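Please treat every number below as a calculation from the coordinates, not as lab data. Quick caveat, the model's predicted, so the values are computed rather than measured. Don't worry about glycine lacking a Cβ; one is built from the backbone with ideal geometry, like all the others, and counts go over all protein chains shown.
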Amino acid sequence: MTDREKYQPGPANVAKIQEDGEDWTLVLVRALRHAPEKVWLALTEPEHLREWAPYDANGSLGTAGATVHLTTVGAPAPHVTETTVKQADAPRLLEFTWAGNDTRWELEPIELGTRLKLFAKIDKRYIAMGAAGWQICFDVLERSLDGTPIGRFVGMETMKFDGWQRLHAEYANQFGVDLPKW
């Protein structure tokens, strides 16, 4: 059995939400055992994003003002979003829009590496799905940085994965949102 086949995400305790009326922001925090400079490259460079992120980039996200096309991986139909990087202060802050929603990454040096924070605006109907997906992305990112990649989990493939389904249900319960009726 491969490491990917053995992988199961931990409990749904990584994501929180910030509510501002109808606007909800998903917040995930993870301590990584790697320097902010290494984590920064994983967040900004296309060859690193392909290892873990739910999107591909046709250029670096590491420069404020850069225009980059982000392609959602595993979507039922091709979905490409043009984004302009709003803020890029290496290796501390990255902000851009993906699929019409604000995405903000904060990197804070800590004794043993980096505290990584993601702030992602997501329609509250999909907030539990986003929490489950991003938690898995964080797991895959961590393994990639550790040098033990398991390959990214994206799109419909991930939604069939029992670990994602469990997280989705746990987050829906925590956030007080209904699971979709499909």
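Shown for the chain are the DSSP H helices of 24 Å or more along their axis, judged by Cα atoms, with a mean Kyte-Doolittle hydropathy of at least 0.5: 127-146.
Taking 0.36 nm per residue of separation and subtracting the Cα-Cα distance, what length does fully extending ASP102 through GLU82 add? Write out the running numbers ahead of the final one.
Values: separation 20, 0.36 × 20 = 7.20 nm, distance 1.29 nm.
In short, 5.9 nm is gained.
When you filter the GluC sites (Glu not before Pro) in region 1-78 for DSSP loop state and at most 12 other Cβ atoms inside 10 Å of their Cβ, you are left with GLU22.
Taking 1 over the mean of 1/r across every pair of different Cα atoms in the chain, what Kirkwood radius in Å do you get? Provide the component values of the computation, followed by the final result.
Details: mean 1/r = 0.0601 Å⁻¹.
Value: 16.6 Å, from the Cα pair sum.
The value of relative contact order for the chain, using C-alpha pairs under 8 Å at least six residues apart, is 25 percent. Its residue count N sets the reference 2.2 N^0.38 Å, and the alpha-carbon radius of gyration of region 120-162 equals 1.25 times that reference.
Count the net charge of all other residues whose Cβ sits under 12 Å from the Cβ of GLN87, scoring Lys and Arg as +1 and Asp and Glu as -1. Show your work: numbers first, answer last.
Numbers: positive: LYS86, ARG92, ARG104; negative: ASP89, GLU95, ASP102, GLU106.
Spelling it out: positives minus negatives among the neighbours equals -1.
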